[in-house]
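First comes the structure, then the notes that go with it.
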Amino acid sequence: MVTDRLEHRIRKPADLLRCIAASITVVVLAALGIGASATTRGVETNIVEVSTSVPHALLATTRPLALFAVLILPVALAIRQLVRRQSRGLAEAAATGVLTGAAVRAADYLLRREAAVRLYDAITMSRPGISHVTALDAYLAGLVAYTAVIGLGRRPRWQTALWLLVGVYALVNLAALNTTVLSLLISVLIGAAVGMGVRYAAGAIPTRSTAEEIAEALGSAGCPLSEMRRVWRPGTGNESRRYAALLSGGGGLDVYVYDWDQQAAGLLYRLYRLVRLQQQVSRGSPLSQDRAVERLALLSYAAADADVPMPRLRALVRSDREAVVLAYEHHDGTTLAEYDGEPTSTQLSRVWDAVLALHAHRVTHRSLTAENILLTADDGVLLLAPPGGDVAATDLQIRLDLAQLIAELALRVGPDRSADLALEKMPADELIAVVPLLQTVALSRSTRAALRRRRDVLPALRKRLLANVPGAEVTPVHLERIRLRTLATLVVTVIAAYLLAGEIARASLATVLRSADWSWGIAALALSALTYVGAALSLTGFVAERLNFLLTTLAQLAGSFVTLVTPAAVGGAALNIRYLQRKKIAAPIAAASVGVSQVVAFVMHIMLLVIFIALTGTSDSHQFKLPAVAYFVLAGLVAVALGVAALPAGRRLLRARVAPALSQVLPRLLQMAQHPRKIAQGVGGTLLLSVAYILCLDVCIRAVGSSVPIPSVAVVYLTGSALGSLVPTPGGLGAVEAALSAGLTAAGLPGAVAVSAVLFYRLLTFWLPVPIGWVALKYLERRQAL
């Protein structure tokens with residue numbers, strides 16, 4: 001008896017990947033058309049030159065034949081679909097083709113507008129001597145979308161016919177100068193992206209092997225079945241379907257079916273992990289279902305050879321060309337994830353014994369989650385077949401496996417019990433090597449999700465393990481190739497550099513330096529130097545201990561070099577904490593002192609901004625008018641802040657971020673309140689820092705031959721520096737220049753003059769101190785002050 005339930009429609013991961021790939025390629029081609037117009041135009045010229053050598057009579061004969069063939073192809077496909085009684089799929093394909101053609105026609109119309117003229121010229125390669133051409137081919141895009149929804153991937157003859165006809169159609173139109181290479185490529189890719197996207201969203205009609213065919217294939221492999229039924233159980237494997245089967249001679253099988261249509265499932269996630277993590281951590285799995293099944297079989301045979309309690313692989317067979325089937329012996333029991341009570345010490349000990357037996361043969365499981373640990377009768381334990389593991393595993397892979405086991409058990413039985421069991425089963429020196437790997441990024445996906453809800457588990461687990469190994473030195477282990485924060489900083493830096501390049505294009509720095517009044521420039525340079533004195537006073541005022549003022553000033557100057565490679569307000573704070581620690585100030589006190597100085601600086605910044613905005617409003621002759629977009633940005637920020645504060649999750653996030661800082665800053669602030677002289681020094685230094693920067697910007701404006709009222713300059717500086725602190729680029733690069741230039745323009749300066757003044761200001765306050773800061777950094781390192 002066979003019981004099955006096949007899906008009417010399935011989503012193929014490969015369709016989504018093709019859609020994404022086609023969309024990305026469209027963007028890349030459009031960018032190449034704009035940025036590398038000379039190269040693309042050269043290719044186009046070569047094609048046109050070749051086409052001129054083709055006899056005109058041949059072109060005149062071939063073109064109508066090609067057009068007729070391209071028109072008749074969708075009709076032939078429609079007849080084929082009707083014969084196969086797939087009218088619904090035909091209707092979806094026809095609707096998609098028509099809508100794609102209409103959308104491409106609309107896009108072609110929009111490309112002719114003034115705002116998109118540069119992209120239009122790039123696609124059409126507009127130049128004298130060429131007749132007017134359309135930017136995109138609506139019919140070609142619609143045809144490709146139509147055939148993509150129908151699906152020709154498993155029908156090589158139809159696929160060959162399609163691309164042959166499209167190629168002839170393209171060559172004929174290129175020869176007639178009716179289109180361009182970019183236009184054809186983008187049209188085809190748009191059609192493919194839309195067609196694959198619709199096909200993935202709507203689902204494709206499955207051509208999978210039925211349960212009867214799978215049972216017949218297992219019977220031919222020596223596993224005759226008397227009963228087989230579909231089961232629906234969540235798991236971590238990559239299989240498409242699961243069945244429970246009974247053997248004719250008694251006993252049961254767990255049948256896992258890997259269908260061809262699910263190839264490349266989870267590829268995007270695996271690529272993300274591969275890029276972000278080291279190769280031994282990311283566990284990249286093969287794209288082909290055949291390779292994935294072969295790995296599973298190899299791991300099962302290796303586990304059987306190690307005498308590890310895992311279900312034995314009884315059969316590995318292929319059902320037609322559409323599926324590969326794995327059949328394991330069935331064992332009654334309950335997975336740890338479904339277990340109602342708490343597992344016994346005997347069960348947990350047997351789990352560890354099974355894992356250590358695997359590791360003794362250099363085999364890892366790599367999916368030691370609660371779903372893959374089966375608890376059987378009489379306190380028995382089985383490890384279910386892993387979806388991915390390692391044979392001939394390295395030491396790092398084995399330690400990662402152990403870290404996963406310890407973390408997963410900590411979620412089930414608590415950090416203390418899991419740590420005690422690990423200490424019982426492992427030598428202390430080996431355990432110390434596992435502790436640094438207790439990072440969320442190194443664990444399984446389901447474990448990471450559970451740990452996000454229980455953030456206290458990993459810290460408690462590490463603390464418990466280290467408390468039992470006193471005096472042990474834990475070496476940090478970096479498992480990531482690149483952090484998300486680093487990637488975001490890189491992307492924002494590239495954008496900022498692009499914006500800065502656009503600003504510099506409006507005003508040459510060399511021209512600015514030649515035309516600047518250097519009597520004002522010397523004053524601006526002195527004010528720039530004064531900012532480091534203010535920063536030193538600010539830090540000294542919030543440290544109870546006595547600091548050498550010269551060395552403290554040099555430390556602030558060294559921070560100008562550090563900010564070249566770190567986001568604004570991050571590198572300087574870290575350097576100050578390090579400087580205070582080298583002065584024998586405890587790390588918590590050093591962090592609290594720097595935190596107090598930053599909090600006071602923030603409060604002073606807001607107060608000055610409010611005061612100067614009020615002053616600009618009282619002046620009728622020089623009112624500072626923000627651009628209209630600034631009000632929308634301000635309203636958006638306020639809305640986001642109110643939304644975060646209104647949601648419980650947002651309030652929890654704020655508490656998690658703010659509470660640790662306040663717990664350090666408030667006690668230190670209360671302690672410093674007992675020394676009014678120190679408070680006055682710190683506040684005075686903070687005020688001097690801001691005033692010096694404001695006056696420096698004002699003097700730079702005067703150096704390029706213009707002037708703006710001081711209150712307006714102050715508002716521009718205070719706003720621009722705040723944006724520079726928010727944007728995670730080195731020294732606020734790009735964001736500060738854009739904000740200051742826009743602010744000075746709004747204050748009444750011509751755009752070119754505003755950009756010149758800002759470039760001069762940034763040269764004196766950001767770029768010029770960099771080499772001097774490097775010298776100061778090296779000097780402090782030699783003095784062992786950093």
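The values are calculated or read from the model by the stated rules, or taken from the named source; none is laboratory data. Keep in mind it's a predicted model, so treat the numbers as computed, not measured. A quick note on method: Cβ atoms are made from the backbone with ideal geometry, for glycine too, and the neighbour counts reach across all protein chains shown. The area values use the complete protein model at the heavy-atom level, side chains included, leaving out ligands, DNA and RNA. Shrake-Rupley method; radii C 1.70, N 1.55, O 1.52, S 1.80 Å.
Ranking request for peptides 522-533, 334-345, 364-375: highest mean number of other beta-carbon atoms within 10 Å first, then the rest in descending order.
Numbers: 522-533: 18.9, 334-345: 13.7, 364-375: 23.8.
Ranking, from highest mean packing down: 364-375, 522-533, 334-345.
Quick query: amide H of residue 240 versus all other amide H atoms, modeled in the peptide plane; which residues come in under 5 Å with a sequence gap of 5 or more or a different chain?
Amide H to amide H, under 5 Å and 5 or more residues apart or across chains, residue 240 pairs with 257, 258, 259.
How many nm separate the modelled label positions at residue 445 and residue 83, each set 7 Å beyond the Cα in the direction of the Cβ?
Distance between the two pseudo-spin positions: 4.2 nm.
Let me make sure I get this right: for the range 294-412, a, b and c are the square roots of the gyration tensor eigenvalues over alpha carbons, sorted descending. Under 1.5 in a/c it's rounded, otherwise prolate if a/b > b/c, else oblate. Which is it?
Numbers: a/c = 1.90, a/b = 1.29, b/c = 1.47.
Oblate.
Where a Cα-Cα gap under 28 Å defines reach, which lysines qualify for residue 678, not counting those fewer than 8 residues away within the same chain?
Cα-Cα hits under 28 Å: 583, 584.
Roll a 1.4 Å probe over the protein chains and send me the accessible area per residue for the range 336-430 in Å².
Values: 3450 Å² over 95 residues.
Ligands and nucleic acids excluded, the result is 36 Å² per residue.
With labels modelled as points extended 7 Å from the Cα through the Cβ direction, what inter-label distance (nm, one decimal) is found for residue 9 paired with residue 275?
3.0
Would you mind getting me the FRET efficiency between residue 231 and residue 463? Use the beta-carbon distance for r and R0 = 51 Å, nearest 0.05. Please list the in-between numbers first.
On the way: r = 42 Å, r/R0 = 0.82.
About 0.75, to the nearest 0.05.
Set the Förster radius R0 to 51 Å, insert the Cβ-Cβ distance between residue 112 and residue 526 as r into 1/(1 + (r/R0)^6), and round the FRET efficiency to 0.05.
Numbers: r = 56 Å, r/R0 = 1.10.
Here the calculated transfer efficiency is 0.35.
Search the structure for amide H atoms under 5 Å from the amide H of residue 227, placed 1.01 Å from N in the peptide plane, and list their residues when 5 or more places away or on another chain.
The answer is 246.
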